[in-house]
Each structure stands twice: as C-alpha cells, then as structure tokens.
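> Below is the structure I would like to discuss, written out as structure tokens.
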Amino acid sequence: MATIGSDLVNYARQLAAKGNYSQALDLYYKAFEKNSQLKQFLEVEFCTVITKYNELLADANRIEGILASFSRAMLYFPDNIFLINDIGRYLFRFGLYEEALIQFQKALTVDSGDVNAEKNINTVKNILIERWHFRMLNDKIRNASYRAAINKMVVPNKTRVFDLGTGTGLLAMYATEGKPWAITACDSSKVMTSLAMNILEENKLRMAVMVLNKMSTLMDSSDFGYHKCSLLITELFDAGLFGEHILQSLSHAWENLLLGDANIVPQKAEFFIMGVDSEFLKSKYQLCQITKSILNICHLHVHIIADDETYDCDDVQLYKDIKYMTEPQSVIKVDFTDKNDINEKLYSTKPYVVENKVLKNGQINSYIGWFNLYLTENIIITTDPRDKNRAKAWQQAVFFDSVPRKVQLNDTFTIDFFLKSEKLTMKERDHTFEIMRVSPETIRFLNDTVYLKMIKSCVAMTCISLGQMTELSEVNIIDLNPFPLYGFYMLQRGIKSLVCYAKTHHDKLFIETVFGANHMDMRKVSILVGETWSQRTFGNKKFHVIFVNSLDLCGDIDYQFKEIGQYLKKTHLIEGGLFMPSTVTLMGQIVSSDWLDVINRVYDQNLGYKASEHINKFQVSQNFNLDYTHLEYTPLTDPIEIGDCNQLTPDVLNLPVINDGDANAILCWYKIELMEGLIEISTQRPYSFIDGTAYLANPIIPMTRGDIANILCCVDRDGLFKLIIDVENT
C-alpha cells in the first residue's frame with residue numbers, strides 16, 4: 001500500500017475501533033483525497049465502517065443523516081454495489097419504497113448478476129403493487145360484468161361518476177364509454193394513482209378522468225367542484241367481502257359525496273358460508289391428530305397464530321379432496337344503495353345467526369365463505385368455488401379456528417358471525433375449547449408426517465454412531481428445526497443437553513408444553529427465541545449433533561440459518577460429529593403454467609384497454625409459496641439437479657425439451673438427505689413443510705420438443721442465486 005495517507009488511515013482505524021465512526025469516516029475521506037489509490041485497497045474496510053455508522057443513525061431515526069452519509073460516500077465509490085444496495089435497504093426500512101426501488105434498480109444496472117439487488121426489487125414491487133391486482137385485471141368475467149353494469153348506469157352528459165379505490169383506473173375507463181358529465185377517481189396509494197394516470201394517458205383518456213391521490217374518507221364535495229356525484233363505482237372487496245372497509249367508505253360517501261338518489265355499482269352484496277371437509281386445507285391451520293399422538297398431546301387444539309385475522313384467503317376450488325358438507329347458507333346481505341342499511345351493518349354488535357344443515361355423514365374441519373355482487377338487478381358475479389363461471393379475481397375466505405366436528409346427514413347446528421372492524425368473525429356456539437397458538441412454520445413442519453418419519457428413522461442410526469464416540473448421557477445436540485422433533489426423540493433416549501429454536505414466544509410455550517407432557521427435564525433444554533440470539537450465543541461449547549433447517553416455508557433458502565448452520569458446523573461440531581441434513585439439493589424444471597402468468601403478467605385483451613405496458617413493469621422474477629400439489633402446469637423438460645444449496649456455483653445446465661409449449665417458469669424444490677446413505681426426500685409432494693418457488697421468464701420463451709433448453713444458474717458473491725431460462729433451437 002502507498003505510504004501517502006497511511007497515517008490518516010491508521011488514525012481512522014483507531015477511531016473506528018472506539019466507535020467514533022463519524023470522525024473515522026472523515027479521516028478516510030481525507031486519506032482518499034491525498035492518495036486516490038488507497039480506495040481500491042480500503043473499499044471493503046470503508047464499507048464496514050460506514051455500515052456501523054449508518055446503523056447508529058438508523059437507531060436514532062436519522063434518515064436524513066444516512067442519506068447524507070451515503071451521498072458523500074458515493075462520490076468516492078460511485079459503482080459500489082454494496083453501498084447502492086445499502087441505500088435502498090435503509091430507504092426501504094424507513095418506508096420510502098419508491099426511492100428504494102430506484103436504488104435497487106441502479107444496483108442491478110451496475111451489475112446484472114447481483115442477485116441481492118434483484119431479490120430486493122421483487123420485495124419492493126410486491127409491496128408497491130400487490131399481486132392480486134394482476135389476477136383481478138386478468139379476470140374477463142369480472143371485467144365484462146363491471147363494464148356492462150357501468151355502461152347501463154351512466155346517462156350521457158348527465159351522470160357525475162365517482163370511482164372509489166380506482167387502482168389502475170379500469171372502471172373509470174369503462175365509465176368514459178357512456179360519456180358522463182364528469183368522472184373523479186381516487187386511490188390512497190401514490191403508486192396506483194400514478195399508474196392510473198399513465199394508463200389513462202396511454203388510452204387518450206387523461207382529460208376525461210380526474211385522479212386524486214387521496215383516501216375517500218378524507219374527501220368532501222370540494223373535491224368534485226362542490227357538486228355531488230350521482231354514480232359511485234367500486235371494487236373495494238376482499239375474500240371476506242368487507243375487509244377493505246367498504247362499509248365505512250360508503251357510509252362516508254353517502255354522507256358527504258353522493259346525491260340522495262345516487263346509484264352504486266355494485267348495488268348489493270351477499271356473503272355465504274359452507275362447512276367443508278378437506279385434510280389439505282385443514283393441514284395449513286391445525287395440528288393433525290397423528291402428530292398429536294406422537295407428541296402425547298391428543299387433548300390439545302393447536303392452531304396457527306391468528307393475530308387480528310379472523311379468516312385466511314385461499315383458492316378453495318384447487319383442493320381436490322374437498323367435500324362440501326353443509327348446504328350453503330347466507331350470512332349477511334347489504335344494500336349499498338341504502339345508507340341506513342350500511343350504517344346498521346357498520347355499527348351493529350348483534351350476531352348474524354346461521355343455521356347449518358348437513359348434507360352427508362362425515363366431519364367438518366373448515367368453513368369457507370364467498371360472496372355474490374349484484375352489480376345491477378340482472379348482472380351478478382360470484383366467487384362461489386363450485387361455480388365454473390365464478391369471478392377469479394377474488395379468493396375464498398377460510399375460517400380456520402374451528403375444531404373438527406363429526407356430523408350426520410340432516411344434522412343441524414348454529415354458528416354465529418360478528419362484523420367487527422369490518423371483518424367477519426365466526427364463533428361456534430356449542431364448542432367451548434382453548435386453542436394453543438403456534439407459528440405456521442411449526443404447524444406445517446409437524447403436519448409433514450412423511451418428513452417426521454424420516455427424522456425418526458435417523459434416531460437409531462445416530463445413537464449407534466454416537467455410541468462409538470461417547471456415552472449417550474454425555475451427548476449435546478443442537479436442533480434448529482421449526483420444532484425440535486429430533487431433539488425430542490434424543491431426550492427420550494437420555495442425552496445430556498438440547499439447544500433448540502422457537503420462532504415466536506407461542507412456539508416456545510408449545511415446546512415447553514410438549515416436553516412437559518412427556519416428563520422431560522427442562523434443565524437439559526435451552527430454547528432460542530426469535531431473533532434474540534446470535535452466533536455468540538453458543539460460546540465455546542461443542543456439540544455431537546447439529547441439525548439445522550435452512551429452508552424457509554415460502555420455498556426460498558433462509559440465508560441467515562444457512563450461514564448459522566455453516567458456522568456451527570465449522571466451529572461447534574465435535575470432530576467426527578454429525579451435521580444434518582447431510583445435503584440439500586436444489587431441483588429445477590422448466591414448465592408452462594397459465595396460473596403463473598395470470599398472477600404476474602397482464603394482457604390487454606382481458607381488459608379492453610391498454611394497460612399491460614405500465615403494470616407489467618411491476619412484474620417480479622420470482623414467485624414464492626407455490627402449492628405444487630394443486631398447481632396446474634405442463635412440464636417442458638424433465639427435472640434436473642441444480643446443485644447442493646451449500647455449494648452452488650455459476651453454471652449452465654442443458655436439458656432436452658420434452659413437450660411443446662411456452663416456457664414461463666422454472667419450478668424449484670429441494671431434495672433433502674438427512675444422513676449419508678439415507679433415502680432422499682423431496683419437498684415436491686403433498687403436505688410438504690416447504691412450499692415451491694418459481695423463477696419467472698420475461699418474456700415467455702416458446703419451446704419445441706427436441707430443442708435444447710438452458711437453465712442458467714447465477715450466483716453472486718454472497719451466495720445468493722437466481723435461475724434464468726434460455727433455449728437453443730435445433
């Protein structure tokens with residue numbers, strides 16, 4: 001290293017070691033001014049110091065200071081990917097998503113192989129434009145029905161239209177076709193407002209619609225030139241009908257924004273409920289009986305953590321094992337043209353009593369809800385999962401906090417529903433029970449009985465292996481799975497100690513409950529909770545077995561746990577000890593899937609207007625939480641091993657195309673080998689505790705049988721990876 005400026009660098013290091021990061025950075029800058037060659041030697045060191053400084057600023061909520069710090073640093077390192085990504089990371093942390101997106105895109109421009117930047121871009125896009133916008137815009141039935149209803153309601157040169165929650169502006173564009181007097185559209189999202197204006201401009205309708213970035217409940221007649229509107233159009237509905245605050249929005253609109261004889265599209269709505277039997281559906285929310293028996297807790301009702309959610313959303317029609325056990329029953333009807341009815345629903349505390357009649361012998365383990373929208377008297381759309389002509393823009397509501405009920409044909413029973421904070425809540429009258437809550441990760445892990453059997457099959461083998469090293473009573477184990485089942489079995493065999501992991505305090509209580517029910521000595525057990533621990537937690541202790549799950553429920557690799565696992569293996573595993581799983585292999589297969597297209601790419605022919613160019617800018621390159629048991633797709637190649645997740649390297653994999661089709665994704669899953677010599681288990685199967693993920697092609701690539709397809713595996717310096725499709729025509 002050149003000597004000029006070295007004294008400044010040494011002083012900077014001393015200051016940084018004492019935590020005086022701001023002064024240290026000033027000295028680094030002075031050293032760079034004296035000798036610009038120092039930058040290439042000190043770039044990594046400098047980034048470490050500025051990161052520590054910015055963390056102090058972040059803890060003090062000083063975003064302006066962080067941006068000023070980065071602004072100065074970028075003068076010296078304008079193409080430093082780490083710094084550019086870090087700017088985006090802090091902007092994201094402080095909720096400045098659009099600004100963060102610009103930085104992540106800049107990082108990807110500097111280095112197209114930077115996987116971290118691409119993952120960050122996907123995260124921001126998912127926040128700015130939620131994925132349901134894509135499936136909604138691609139729903140021809142919904143679009144055609146709304147278009148017909150709006151055109152029927154608009155009187156040329158007379159109607160004043162208010163589009164409440166305009167989104168992309170599609171309903172407002174439908175309203176222009178009737179030549180109304182005026183159209184005003186609002187949306188609380190700045191991004192959606194900007195998107196709507198761009199789409200209106202693209203369709204030469206910008207002057208026909210006034211778009212406001214404003215919540216409707218903050219508006220008054222002055223926003224309409226002190227006129228009130230004669231037609232309100234909206235699609236402000238979630239799977240449970242009321243969850244997007246439609247009642248509050250319409251109550252305010254009737255009081256402040258609408259004429260007394262105004263029309264509403266939709267005019268009315270009705271919500272229905274039906275009891276169902278589906279083990280696939282139940283396994284997402286409740287602990288199965290087989291596992292309860294294994295853990296000796298048959299008396300407990302164990303469900304996922306609900307927080308404030310009273311129902312989940314799902315595409316119920318995909319579940320092939322579903323049985324509809326009761327007649328559909330109406331829960332609640334609301335007339336959106338009647339402000340008194342709206343207010344009565346909004347403020348009522350009385351239950352909506354539903355009498356259910358059983359259609360067949362069996363059991364009910366979940367309840368699903370759907371709705372009808374009566375856009376006009378004659379134009380109706382439904383989300384009923386049994387109806388082939390349903391609107392697919394919305395999923396169904398799944399009320400998951402019910403205990404399985406055995407029923408017989410023609411039985412009747414009563415359920416109460418309440419509308420609290422515009423969320424429907426279900427309460428079973430004749431079921432009084434306490435529910436123990438755990439994370440979805442714990443439920444899914446423990447309901448994967450195939451994987452649990454694989455874990456149990458390892459116990460005897462590891463005991464034999466460990467017996468050659470020491471007495472079982474001296475064995476120390478780390479089990480960092482969503483639930484420490486391996487550690488549970490080994491405690492039963494008398495090991496000395498277990499360190500395990502609980503994602504939440506609910507999970508910690510559950511572990512303690514299970515271990516208590518099996519009379520285990522909790523003095524042998526240490527439970528690491530949430531993010532309150534680090535690598536330093538383990539001190540200098542050595543372990544005979546280390547079992548780390550480095551896969552996330554969504555289907556991605558959990559890079560934090562992957563790093564922890566490799567660290568523990570390197571520094572805390574006794575020589576000759578066992579690290580589990582021995583290998584985790586990433587698998588890939590090129591496919592064509594209409595469903596993956598629907599939720600990530602808008603087509604103008606589904607709308608009747610040009611919008612795809614604008615909204616498709618928010619396409620993502622990876623999709624998570626895919627249920628391969630129910631996903632429909634055409635395989636275009638055979639599956640192929642991409643590589644060991646702990647040792648992935650950049651590569652190009654060639655594989656023959658076996659079917660004609662338009663390739664739009666690489667489906668990914670994992671093969672897990674718990675111990676060397678043990679049969680591998682795939683995560684691409686029913687009830688797997690790990691979902692699938694897909695790397696999406698943009699644009700779609702036509703393939704012909706006999707072509708050679710390429711999967712490009714890109715791996716960056718941090719070990720993050722992405723997959724890209726290519727094809728060689730023969």
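> Would you check if there is a residue in the range 316-325 being assigned to a strand (DSSP E or B) and either assigned by TED's automatic domain parsing to the domain that holds Tyr628 or under 30 Å from Lys140 (Cα atoms) (or both)?
Quick first cut of the range 316-325, residues assigned to a strand (DSSP E or B) only: 323-324.
Restricting the remaining residues to those that are either assigned by TED's automatic domain parsing to the domain that holds Tyr628 or under 30 Å from Lys140 (Cα atoms) (or both) gives 323-324.
Yes, the conditions are met somewhere in the range 316-325.
> For Thr425, indicate whether it is within 22 Å of Leu137 (Cβ to Cβ), in contact (Cβ under 8 Å) with a residue 40 or more places away in the chain and in contact with a Phe, Trp or Tyr (Cβ under 6 Å, 6 or more places away or on another chain). Break it down into steps so the answer makes sense when it comes.
Values: within 22 Å of Leu137 (Cβ to Cβ): no; in contact (Cβ under 8 Å) with a residue 40 or more places away in the chain: yes; in contact with a Phe, Trp or Tyr (Cβ under 6 Å, 6 or more places away or on another chain): yes.
No; evaluated as a whole, the condition is false for this residue.
> Does the range 639-681 hold any residues that are touching a Pro at 6+ places or on another chain (Cβ under 8 Å) and not small (Gly, Ala, Ser), and which are they?
Ile658, Asn659, Asp662, Ile672, Glu673, Leu674, Met675 - these are the residues of the range 639-681 that are touching a Pro at 6+ places or on another chain (Cβ under 8 Å) and not small (Gly, Ala, Ser).
> If you don't mind, another one. Would you check if there is a residue in the range 381-397 being among the β-branched types (Val, Ile, Thr), part of a strand (DSSP E or B), under 28 Å from the mean Cα position of the chain (by Cα) and on the phi < 0 side of the Ramachandran plot?
Our first condition is that a residue be among the β-branched types (Val, Ile, Thr); within the range 381-397, this holds for 381-383.
If we keep only those that are part of a strand (DSSP E or B) as well, we get 381-382.
The next check asks that each one be under 28 Å from the mean Cα position of the chain (by Cα); those that pass are 381-382.
From what's left, on the phi < 0 side of the Ramachandran plot: 381-382.
Checked the range 381-397: at least one residue is among the β-branched types (Val, Ile, Thr), part of a strand (DSSP E or B), under 28 Å from the mean Cα position of the chain (by Cα) and on the phi < 0 side of the Ramachandran plot.
> Among the listed residues Tyr53, Tyr97, identify the single one that is hydroxyl-bearing (Ser, Thr, Tyr) and under 30 Å from Leu607 (Cα atoms).
Matching residue, one of Tyr53, Tyr97: Tyr97.
> Okay, next question. Kindly establish whether Asp220 is touching a Leu at 6+ places or on another chain (Cβ under 8 Å), acidic (Asp, Glu) and not assigned by TED's automatic domain parsing to the domain that holds Leu375. Walk me through how you get there before you give the answer.
On the way: touching a Leu at 6+ places or on another chain (Cβ under 8 Å): yes; acidic (Asp, Glu): yes; not assigned by TED's automatic domain parsing to the domain that holds Leu375: yes.
Taking the combined requirement at face value, the residue satisfies it.
> Looking at Leu83, is it closer than 18 Å to Asp718 by Cβ, in contact with a Cys (Cβ under 7 Å, 6 or more places away or on another chain) and part of a helix (DSSP H, G or I)?
Working: closer than 18 Å to Asp718 by Cβ: yes; in contact with a Cys (Cβ under 7 Å, 6 or more places away or on another chain): yes; part of a helix (DSSP H, G or I): yes.
Taking the combined requirement at face value, the residue satisfies it.
> From the list Leu485, Leu480, Leu528, which one is surrounded by 22 or more Cβ atoms within 10 Å (Cβ to Cβ) and at pLDDT 95 or above? Show your work before the answer.
On the way: Leu480 fails: surrounded by 22 or more Cβ atoms within 10 Å (Cβ to Cβ); Leu528 fails: surrounded by 22 or more Cβ atoms within 10 Å (Cβ to Cβ).
On inspection, the qualifying residue turns out to be Leu485.
> For the range 700-710, enumerate the residues that are over 25 Å from the mean Cα position of the chain (by Cα) and touching a residue at least 40 places away in the same chain (Cβ under 8 Å). Break it down stepwise before answering.
Our first condition is that a residue be over 25 Å from the mean Cα position of the chain (by Cα); within the range 700-710, this holds for 701-710.
Listed by number, the residues that qualify are Pro702, Met703, Thr704, Arg705, Gly706, Asp707, Ile708, Ala709, Asn710.
> Take the residues in the range 578-628 that are of a type in the set (D, E, K, R) and surrounded by fewer than 18 Cβ atoms within 10 Å (Cβ to Cβ), then tell me which one is farthest from Ile546 (Cα to Cα). Walk me through how you get there before you give the answer.
From the range 578-628, those of a type in the set (D, E, K, R) are 594, 597, 601, 604, 610, 613, 617, 627; that's our starting set.
Subsequent filtering for residues that are surrounded by fewer than 18 Cβ atoms within 10 Å (Cβ to Cβ) retains 594, 604, 610, 613, 617, 627.
Working: Asp594: 42, Asp604: 53, Lys610: 55, Glu613: 50, Lys617: 44, Asp627: 29 Å.
Ranking the candidates gives Lys610 first.
> Confirm whether Asn625 is assigned by TED's automatic domain parsing to the domain that holds Trp595, assigned to a strand (DSSP E or B), under 26 Å from the mean Cα position of the chain (by Cα) and at positive phi.
Values: assigned by TED's automatic domain parsing to the domain that holds Trp595: yes; assigned to a strand (DSSP E or B): yes; under 26 Å from the mean Cα position of the chain (by Cα): yes; at positive phi: yes.
Yes; evaluated as a whole, the condition is true for this residue.
> Restricting to the range 134-190, what's the tally of residues that are of a type in the set (Ser, Thr, Tyr), assigned to a helix (DSSP H, G or I) and buried (at least 24 other Cβ atoms within 10 Å of the Cβ)? Spell out the reasoning first.
Here is the first cut: in the range 134-190, the residues of a type in the set (Ser, Thr, Tyr) are 145-146, 159, 166, 168, 174, 176, 184, 188-189.
Filter again for assigned to a helix (DSSP H, G or I), leaving 145-146, 174, 176.
Retained after the next criterion (residues that are buried (at least 24 other Cβ atoms within 10 Å of the Cβ)): 146, 174.
Looking only at that region, the number is 2.
> Find all pairs meeting these conditions: Cβ atoms under 8 angstrom apart; at least six residues apart or on different chains; first residue within the range 165-185 and under 16 Å from Leu257 (Cβ atoms); second residue among the basic types (Lys, Arg) and not in a strand (DSSP E or B).
Pro180/Lys158; Trp181/Lys158
> Return a yes/no flag: does the range 225-239 have any residue that is more than 27 Å from Gln396 (Cα to Cα), in the same structural domain as Glu422 (by TED's automatic domain parsing) and of a type outside the set (Gly, Ala, Ser). Before you say what the answer is, go through the steps one by one.
Restricting attention to the range 225-239, the residues satisfying the condition of being more than 27 Å from Gln396 (Cα to Cα) are 225-231.
In the following step, the residues that additionally are in the same structural domain as Glu422 (by TED's automatic domain parsing) were identified as none.
Looking for residues that are more than 27 Å from Gln396 (Cα to Cα), in the same structural domain as Glu422 (by TED's automatic domain parsing) and of a type outside the set (Gly, Ala, Ser), one finds none in the range 225-239, hence no.
> If you don't mind, another one. Pull up the range 399-419, narrow it to residues that are hydroxyl-bearing (Ser, Thr, Tyr) and closer than 22 Å to Thr349 by Cα, then point me to the one that is surrounded by the fewest Cβ atoms within 10 Å (Cβ to Cβ). Before you say what the answer is, go through the steps one by one.
Residues of the range 399-419 hydroxyl-bearing (Ser, Thr, Tyr): 402, 412, 414.
Narrowing the set further to residues that are closer than 22 Å to Thr349 by Cα leaves 402, 414.
Details: Ser402: 22, Thr414: 12.
The residue in question is Thr414.
> Scanning for something polar (S, T, N, Q) and assigned by TED's automatic domain parsing to the domain that holds Ser526, does the range 561-572 turn up at least one residue? Write out each step before concluding.
Taking the range 561-572 as the starting set, the residues that turn out to be polar (S, T, N, Q) are 566, 571.
This time we only want the ones that are assigned by TED's automatic domain parsing to the domain that holds Ser526, so: 566, 571.
Yes, there is a match, as at least one residue in the range 561-572 is polar (S, T, N, Q) and assigned by TED's automatic domain parsing to the domain that holds Ser526.
> Sticking with this one: Looking at Arg405, Arg429, Arg386, can you tell me which residue is within 30 Å of Val602 (Cβ to Cβ) and of a type outside the set (Asp, Glu)? Steps first, answer last, please.
Details: Arg405 fails: within 30 Å of Val602 (Cβ to Cβ); Arg429 fails: within 30 Å of Val602 (Cβ to Cβ).
Only one candidate qualifies: Arg386.
> Give the residue that is nearest to the chain's Cα centre (by Cα), with candidates limited to residues of the range 444-503 that are over 24 Å from Gln535 (Cβ atoms) and of a type in the set (Phe, Trp, Tyr).
For the range 444-503, the residue satisfying everything is Tyr451.
> In the range 686-730, what residues are touching a strand residue (DSSP E or B) at 6+ places or on another chain (Cβ under 7 Å), closer than 23 Å to Asn120 by Cβ and not in a strand (DSSP E or B)?
Selection gives Ile690, Asp691.
> Moving on. Could you list, in sequence order, all residues of the range 343-370 that are part of a loop (DSSP other than H, G, I, E, B), closer than 11 Å to Asp411 by Cβ and either within 31 Å of the chain's Cα centre (by Cα) or not charged (D, E, K, R) (or both)? Outline the logic, then answer.
Of all residues in the range 343-370, those part of a loop (DSSP other than H, G, I, E, B) come to 348-351, 359-361, 365.
After this cut, where a residue has to be closer than 11 Å to Asp411 by Cβ as well, the list is 359-361.
Answer for the range 343-370, where residues must be part of a loop (DSSP other than H, G, I, E, B), closer than 11 Å to Asp411 by Cβ and either within 31 Å of the chain's Cα centre (by Cα) or not charged (D, E, K, R) (or both): Leu359, Asn361.
The values are calculated or read from the model by the stated rules, or taken from the named source; none is laboratory data. The structure presented is a predicted model; accordingly, all values stated were derived computationally and were not measured. Cβ: placed from backbone, ideal geometry, glycine included. Neighbour counts: every protein chain shown.
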